[in-house]
Amino acid sequence: MSQDADVHAVAPEMAVAFFRDILPFNGLDDATLNDLARHCRVDFYPKGTRLLTAGETEITHLFLIQRGGVKAFIEDDQGEITLKDFRGEGAYIGALGIIRGTLANLNIETVEDTFCFLLPREIFLKLVEEKPSFAHYYLKSFSEKIVKTAYRELRHHKLSKRSGDDLYLFSVKVGDLVKTLRKVSGADSIQEAASLMTEFRVGCLLVHDSADEHNIVGIVTDRDLRSKVVAAGLNYSLPVMEIMSGPVQTVLSQALCFDVLLKMMSTSIHHLAVERRGQIIGVVTSHDIMLLQGHSPYYLFKEIRGQQKIVGLYSLAQKIPEVIRGLIKEGAKAGNITQMIAILNDHILERMLTLLEQDLGPPPLPYCWLLMGSEGRREQTFKTDQDNAILYADPADDTEKETAEIYFKEFAARAIDHLVNCGYPLCPGEIMATNPKWCQPLSVWKGYFANWIGAPDPAELLNATIFFDFRSGFGDASLARELRKHLNHEAQKKDIFLFHLARQCMSTRVPLSFFKSFIVDKDGAHKNQLDIKRQGLTPFVNFARVLALKHGINETNTLARLKALFDADFISRDIWASTNDAYELQMQQRLIHQLRQIEEGTLPDNHINPEQLSELDRRMLKDAFTVIERLYSVLDKMYPTA
Amino acid sequence: MFDFFKPGSWFSNPAPQLQKNKEFFLEFDQGRPLAEYSFVVCDTELTGLNRKKDELISIGALRITDLQIDLSSMFHHFIQPRDLAHTEATLVHRITPEQLEGAEPIEEILPKFVEYIHGSLLVGHNLPLDMHFLNKAARKVMGGTLSNPGIDTMRMAQGYKRVRLGHYHEHNPREISYNLDDLGREYGLPVFKPHDALEDALQTAYLFLYFIKKFRKGGLVTLKDIFQSGRVGSF
């Protein structure tokens, strides 16, 4: 039907008036409001009408309630209904689904006779795209809850499904695993304890004070009986107190199995007492957690620890992505995941170098295998170039010096080779222990840092930053600690160095232009790809490094540095919280991106294709990037150019 | 075109827009689901209520498709009456003589309106009154009448109340108001400015949506079903 031009010219005053009264439309100018109103339709839904069904309805328009009201609820498999929300006049329905490009995430049903304005999806998205305040309004009201949903979406929708690999690490609390508390008095004999263990069929007993049975003073395990008693020929009638380990390490009953596992893996203590309201209620063992599921990080961890040949580590290292994949699916946040990756990589390294020492004979001098860059910060993802070095104790004389050089040269060459076979690529910048420059005694290392700090050449500093994130990976950690002490001492004396570091940090442009448009090149390639590591994460890493050096904070992990800075009151809670969230979000995006590449059989990289991002992903990334600008202004105030 | 030259056909043949519309509704199927029809809800404002003397001074109309009000193509025109002096109703309408003086005459507006309602069912509150004046004007300026079937929301309201209150319920029919604004308030609809053709058309549209969707729960799903409740006799 032909339509007269006049026909369109009529502005529906009541719709304009409606929009003018509600957030966030009230901020729009009249011309925009008129245009919006003309694109709307009005529908009526009698009381009890289902508007949206979670997981089924595709949302084609934003509903704005003109009159009436709706309830939002979810329904589980058993038909159990949980009411989430009531929404009345002026409220909207469906914004999140439209922005994220997903099906409805809630059931919506009218609880009164309801009239709605229907704003077409495309028009709404255009508004969100063009009006920053608009996008902000919806994203803000999505709240923590919704962001969590987004994380869940990220995990479930972006990773292909595999059956039978459900993990419970993040849902089960250790309190649920604890069995009956079995204990013995410290004054009882070793033999009595052993017969109790046999009777109860348990591998350990808690030991209590002989005068107070509620006072747990230690723990005795099968291994103690074996190594401290039988192997040592100890008298069985001695009190069990003699062989127990105490005081006992405890965890809270509400701790997640994941956290407990981390604790066990990092301390190598496999029996932990579980505490509830100040009372020990039992013991949780690594075995209990392993039973929870077959394919766990702990399982891999144990295999690594038990490996007797270096070549056996090759295949184990390749299993790490599979384990990490399970963790992401189970709901681990990026911070947990990188921590787990670091622990597993550390164990591979530890096992490898231990076996290597056995092959080559003991080192002539104490040494420390240093990890640099992302490894030093415990922020590796799947693509981890080797960044390592050897730091050894200062030789007493030339002979010792020569012996050390020969030994560590050979040691480094073999280690790097094995690491490559485990799947850790060589460092293109040759920051590896095989480079003679990075295999040096403590005094030389101190000299390097003094030099970088004392006479900062901006170009050289750029390459040196990753050294400032070193940590001990294996060996004599006291050497690394001494170097760190020296570094902190030097850095705090030289403001000019921190100035250069801060200025360098600010030279990375905030990649907000990434969002302006997704231009496709003439040849079809995307010129607008985001390097999430270099453009997104590095500014946060740099910021945390500058401030950590300025304030002598020993941590190397970015989130830990930020926390330490906040705890010591060097940054505000606001800066800390938003920085923490923004950083973790990007880490998560990066991990998922790389995990997917691994699953597709391609090499993981840091280049995120905008087309793979949902609208919400983009919004959240954009918000994360705006935090960078705030960090820059903090640095700018601290180290002004003028 | 040929009709134009036929002797005697010049006055008796209606304008092509009316012809086209008539042909459309000759083969009109009333049995399809409601959502498949296009409705035009309209309201007119008049110089007065004298069926012989008074004229149209404004037409407001909007479309309902998919059983939703389409705000993108509303129709609203003032009409310059032949007798500008005779505008006693302007106080009610708040239409000023200046607005009417600047408006186009019915000869311009009506063909646009006929074009606008082509293929649609007409909906109005007390529609026969509007139809009387529309057809009077159509005969005069376009040589024919409108063929669009009509639905009167006032009749629907009566039907709805009958269903709700029951046939045998004792009540005094005079106590029930079928005034558009009163009905809107009674059913809790958004309320519009009365006595503006477009606003009244909107109010009527809301009422119409309310009825058909409430009726639909009672099993009235085709146009025929609805017709029984709000049908306006042939014009």
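The values are calculated or read from the model by the stated rules, or taken from the named source; none is laboratory data. Small disclaimer: the values here were computed from a predicted structure and weren't measured. In this analysis, Cβ positions are derived from the backbone assuming ideal geometry, glycine residues included, and neighbour counts consider all displayed protein chains.
For the reader, a short list of remarks on this structure follows.
- When A:Y639, A:Y583 are checked against the criterion of being touching a helix residue (DSSP H, G or I) at 6+ places or on another chain (Cβ under 8 Å), surrounded by fewer than 22 Cβ atoms within 10 Å (Cβ to Cβ) and not polar (S, T, N, Q), A:Y639 stands alone in meeting it.
- Residue match in the stretch A:73-90 (condition: in contact (Cβ under 8 Å) with a residue 24 or more places away in the chain, closer than 30 Å to B:E186 by Cβ, hydrophobic (A, V, I, L, M, F, W, C) and buried (at least 18 other Cβ atoms within 10 Å of the Cβ)): no
- Among residues of the stretch A:558-573 that are under 10 Å from A:A544 (Cβ atoms) and without any contact (Cβ under 8 Å) to a residue 40 or more places away in the chain, those with a Cβ under 8 angstrom from a residue that is in a helix (DSSP H, G or I) and of a type in the set (K, R), sequence gap 6+ or separate chain, pair up as A:R561/A:R545.
- Count of the stretch A:38-53 residues which are of a type outside the set (K, R), within 10 Å of chain B (Cβ to nearest Cβ) and in a strand (DSSP E or B): 4
- Flag for A:R561 being over 19 Å from A:A491 (Cα atoms) and either among the small types (G, A, S) or part of a helix (DSSP H, G or I) (or both): no
- Among the residues making up the stretch A:277-299, those that are among the aliphatic types (A, V, I, L, M) and modelled with pLDDT under 80 are A:I289, A:M290, A:L291, A:L292.
- Of all residues in the stretch A:54-72 being more than 19 Å from A:R121 (Cα to Cα) and away from chain B (no Cβ under 14 Å), the one that is surrounded by the most Cβ atoms within 10 Å (Cβ to Cβ): A:V70
- Yes/no for A:R619 being out of contact with any Asp or Glu (no Cβ under 9 Å at 6 or more places or on another chain), modelled with pLDDT of 85 or more and closer than 30 Å to A:L103 by Cβ: no
- Hey, A:F25 more than 24 Å from B:T204 (Cβ to Cβ) and touching a residue at least 12 places away in the same chain (Cβ under 8 Å) or not: no
- Single residue of the stretch A:10-37 satisfying the filter (of a type in the set (D, E, K, R) and in a helix (DSSP H, G or I)) that is nearest to the other protein chains (Cβ to nearest Cβ): A:E13
- Candidate set from the stretch B:183-204 (those that are of a type in the set (A, V, I, L, M, F, W, C) and more than 8 Å from chain A (Cβ to nearest Cβ)); member that is surrounded by the most Cβ atoms within 10 Å (Cβ to Cβ): B:A201
- Any hit, the stretch A:387-408, residues being under 25 Å from A:F540 (Cα atoms), of a type outside the set (K, R) and within 23 Å of the chain's Cα centre (by Cα): yes
- Selection count where residues are in a helix (DSSP H, G or I), surrounded by fewer than 17 Cβ atoms within 10 Å (Cβ to Cβ) and either in contact with a Pro (Cβ under 6 Å, 6 or more places away or on another chain) or without any contact (Cβ under 8 Å) to a residue 12 or more places away in the chain (or both), scope the stretch A:395-419: 7
- Residues in the stretch A:586-606 that are surrounded by 16 or more Cβ atoms within 10 Å (Cβ to Cβ), among the β-branched types (V, I, T) and over 17 Å from the mean Cα position of the chain (by Cα): A:I598 only.
- Residue check, A:T354 over 30 Å from A:R325 (Cβ atoms) and surrounded by fewer than 16 Cβ atoms within 10 Å (Cβ to Cβ): no
- Hits in the stretch A:478-492 (condition: exposed (fewer than 15 other Cβ atoms within 10 Å of the Cβ) and within 26 Å of the chain's Cα centre (by Cα)): A:R481
- Strands (runs of 3 or more DSSP E) contained in the stretch A:78-135 and holding at least 2 residues at pLDDT below 80: A:81-87
- Selection of the stretch A:179-207 for residues being outside any loop (DSSP other than H, G, I, E, B) and in contact with a Ser or Thr (Cβ under 6 Å, 6 or more places away or on another chain) yields A:S185, A:S189, A:C204.
- From the list B:I79, B:I59, B:I69, B:I64, the lone residue that is at pLDDT 90 or above, in contact with a strand residue (DSSP E or B) (Cβ under 7 Å, 6 or more places away or on another chain), farther than 30 Å from A:F115 by Cβ and within 14 Å of chain A (Cβ to nearest Cβ) is B:I79.
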